[in-house]
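Read through the structure below, which is laid out as structure tokens, and then see the notes.
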Amino acid sequence: MLLRTNLRDLLYAHKLVLPRLQLLAHSFLVAIFSSVYTTSRRLPTMPWLTTEEAAEILDYNIEYVRRRIRNRRLKAKKHGHVWLVDPESVKSLRQKLNRQIREGYSKYDPRRGAD
């Protein structure tokens, strides 16, 4: 009877202690590796634009910006699942588009050509 009681107490203590040990180990690992993880996944310090912001600046649809990125006509880099667009390339493209509009081409004119 004594052995059976001790075994039952041991099993009960195991159910209480093991989750706490797992939580403690998890917290310890998170504390150690969080600094490594966050520094490697940090956003760039330059003010890169999202595709939505670039589309708003260019006054075009977001799909146009994505197409320009795919065709490598707009400098961008992927950070996680988000594309970040270089603001200088957006500025130069905006100037080019404004120049074409001043020359008499419409925003939707196919004669504008493809770069």
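Bear in mind these aren't lab numbers, they're just calculated from the coordinates by the rules spelled out. Keep in mind that this is a model prediction, so the values were computed, not measured. Cβ sites come from the backbone with ideal geometry, for glycine too, and all protein chains shown count toward neighbours.
By the scheme Lys and Arg +1, Asp and Glu -1, what is the net charge of all other residues having a beta-carbon under 12 Å from that of Ile62?
With Lys, Arg at +1 and Asp, Glu at -1, the neighbours total -2.
Through the Karplus equation 6.51 cos²θ - 1.76 cosθ + 1.60, θ set to phi - 60°, convert the phi angles of region 90-104 into ³J(HN,Hα) values in whole Hz; use x for Gly and Pro.
So the Karplus estimates, Gly and Pro as x, are 5, 5, 5, 5, 4, 5, 5, 5, 5, 4, 5, 5, 5, 6, x Hz.
Under the Karplus relation 6.51 cos²θ - 1.76 cosθ + 1.60, θ = phi - 60°, what is the ordered set of whole-Hz ³J(HN,Hα) values for region 78-87, x standing for Gly and Pro?
9, 10, x, 10, 10, 8, 10, 9, 5, x
Calculate, in nm to one decimal, what Ser92 and Asn61 gain on full extension: separation in residues at 0.36 nm each, minus their alpha carbon distance.
Length gained between Ser92 and Asn61: 9.4 nm.
Would you grab the residues whose amide H sits under 5 Å from the one on His79? Only those 5+ places off in sequence or on another chain, please, with H modelled 1.01 Å from N.
Amide H to amide H, under 5 Å and 5 or more residues apart or across chains, His79 pairs with Leu84.
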